[in-house]
Amino acid sequence: MRPIVARDLMTPEVLGVRESSTVQEVAAYLVDHEISGAVVRNDRGEITGVVSLSDIASAAADRGTRVGVDRSWPDFYASDWDDRLDASDLSRVHFADTELAVREVMTPDVFSVDADAVVSEVARTMLESHIHRVLVRENDEFVGVISTSDLLGLLVQN
């Protein structure tokens, strides 16, 4: 039996946002697409980094005056998160600086694996790099993305 490789596991659509997009636009984009992160592209379409909900949360923490959260809603301090965010979750986050660009909060490092990398190599790369998604490359081109959810999906397949 052939081992499972990155090509078998990846999502072939690499969703992305522009560096010039505002953090507020990116947050809405992530929720609309039910993803926790996306690649960031410059005006030439080149991938220059990755932005995630964690990056947005870090920006909120580092720039406490730029982003505020309405703590009065009943579930703010709930210990469990729902599996998915929705638009109402974002409605409680207020961006004081509506022009804050994603290039200011993104992670400029792009991690990737070869399309023929075995699953254990993919998982090792993600664990060692402390990342939740990795791009898949083939012939120096990004052809897909693998997330932690994709890896977990392997555990529940019959």
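The values are calculated or read from the model by the stated rules, or taken from the named source; none is laboratory data. Please read all numbers here as calculations on a predicted model, not as lab measurements. Reconstructed Cβ throughout: ideal geometry from the backbone, glycine too, with neighbour counts over all protein chains shown.
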Restricted to the range 124-158 and to residues being among the aliphatic types (A, V, I, L, M) and out of contact with any Ser or Thr (no Cβ under 9 Å at 6 or more places or on another chain), the residue nearest to Thr11 (Cα to Cα) is Val143
Consider Val39 carefully, then state whether it is assigned to a strand (DSSP E or B), within 14 Å of Gly144 (Cα to Cα), in contact (Cβ under 8 Å) with a residue 40 or more places away in the chain and within 13 Å of the chain's Cα centre (by Cα). yes
Restricting the range 42-57 to residues that are under 14 Å from the mean Cα position of the chain (by Cα) and not β-branched (Val, Ile, Thr), the residue that is farthest from Leu135 (Cα to Cα): Ala57
When residues of the range 123-148 are filtered for being over 25 Å from Gly45 (Cβ atoms) and surrounded by 13 or more Cβ atoms within 10 Å (Cβ to Cβ), how many remain? 4
For the range 1-26, which positions are part of a helix (DSSP H, G or I) and either at pLDDT 90 or above or under 20 Å from Glu138 (Cβ atoms) (or both)? Ala6, Arg7, Asp8, Leu9, Val23, Glu25, Val26
Note on the range 143-158: residues in contact with a helix residue (DSSP H, G or I) (Cβ under 9 Å, 6 or more places away or on another chain), of a type outside the set (Gly, Ala, Ser) and assigned to a helix (DSSP H, G or I) are Thr148, Asp150, Leu151, Leu154
Collect the residues in the range 123-142 that are touching an Asp or Glu at 6+ places or on another chain (Cβ under 9 Å) and assigned to a helix (DSSP H, G or I), keeping them in residue-number order. Ser129
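For every residue, the table says whether it meets (1) without any contact (Cβ under 8 Å) to a residue 24 or more places away in the chain; (2) more than 18 Å from Gly37 (Cα to Cα).
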site: Ser120; (1), (2): yes, yes
site: Arg124; (1), (2): yes, yes
site: Ser129; (1), (2): yes, no
site: His132; (1), (2): no, no
site: Gly144; (1), (2): no, no
site: Ser149; (1), (2): yes, no
For the range 84-97, does any single residue satisfy the condition of being modelled with pLDDT of 55 or more and either within 19 Å of the chain's Cα centre (by Cα) or in a loop (DSSP other than H, G, I, E, B) (or both)? yes
